[in-house]
1. If you place +1 on the Cβ of every Lys and Arg and -1 on the Cβ of every Asp and Glu, how big does the dipole about the Cα centre of the chain come out, in debye to the nearest 20?
2. What is the sum of charges around residue 42, taking Lys and Arg as +1, Asp and Glu as -1, for the other residues whose C-beta is under 14 Å from the C-beta of residue 42?
3. Provide the per-residue ³J(HN,Hα) series for the stretch 74-84, in order, calculated from phi with Karplus coefficients 6.51, -1.76, 1.60 and θ = phi - 60°, each as a whole number of Hz, with x at glycine and proline positions.
4. Let me check against my output: what whole-number percent is the relative contact order of the stretch 8-75, with C-alpha pairs under 8 Å and at least 6 apart?
5. Which is farthest toward the positive dipole end of the chain among 136, 30, 6, measuring Cα position about the Cα centre, with Cβ charges +1 (Lys, Arg) and -1 (Asp, Glu)?
6. When you count, for each residue, the other Cβ atoms within 10 Å and take the mean per peptide, how do 38-51, 70-83, 108-121 rank with the highest first?
7. I need the phi-derived Karplus couplings for the stretch 85-91: 6.51 cos²θ - 1.76 cosθ + 1.60, θ = phi - 60°, integer Hz, Gly and Pro marked x.
8. For the chain, what's the relative contact order in percent, using C-alpha pairs closer than 8 Å and at least 6 residues apart?
Amino acid sequence: MTEPALDPRSVVVRYVNAVADGDLDTVNASFAEDATWTYPGNVPLTGVWRGRRAIVEDFLGGAAGLFAPDGTPKVTLTQALADGERVVAEWTSRGVAANGRIYDNTCLGMFTVQDGLITSVREYTDTQHVADTLFGGPAG
């Protein structure tokens, strides 16, 4: 017997906590195969990432490579609000970039969840901080 799908808020909370815990299996299982993630701004991460693999391996996985080996960002969920299949989640992300700069950003995502899977995310964050910290060259 298949367990019923989690409610949308629980799906998003589970996903963000899985990112925080480094639980790649749960991160991967949180997305629909054809999910999209829209990232703002004008940095190398900007754009619409299409498909579970692109989101998890290229977008999230590629961003992980921007941090120092011992500077992996600590992600902390600060709140999540749901209205039907839409969930707004806010989290902080703090770490040390590969160039030695301190990364400390607050992010907000507008998630759509259908049948227990994330089908789309539109993220809002301080992309100037992303540009300066993660893509700005060595700390001076």
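What follows draws every value from the coordinates through simple rules; no lab data is involved. This structure is a prediction, so every number in the text was calculated from the model and none was measured. Every residue, glycine among them, receives a Cβ derived from its backbone with ideal geometry; neighbour counts consider all protein chains shown.
1. On the way: 10 positive and 18 negative charges, 58 e Å.
The dipole of the chain has a size of about 280 debye.
2. Numbers: positive: none; negative: 126, 132.
The answer is -2.
3. Taking θ as phi minus 60°, the curve returns 8, 9, 10, 6, 9, 6, 8, 10, 10, 9, x Hz for the stretch 74-84.
4. Values: 56 pairs, mean separation 17.4, N = 68.
Relative contact order here is 26 percent.
5. Toward the positive end, the furthest listed residue is 136.
6. Details: 38-51: 15.8, 70-83: 13.9, 108-121: 18.8.
Highest-to-lowest ranking by the protection proxy: 108-121, 38-51, 70-83.
7. For the stretch 85-91, the Karplus-derived couplings read 7, 9, 10, 9, 10, 10, 9 Hz, x marking Gly and Pro.
8. Details: 281 pairs, mean separation 36.5, N = 140.
Reported relative contact order: 26 percent.
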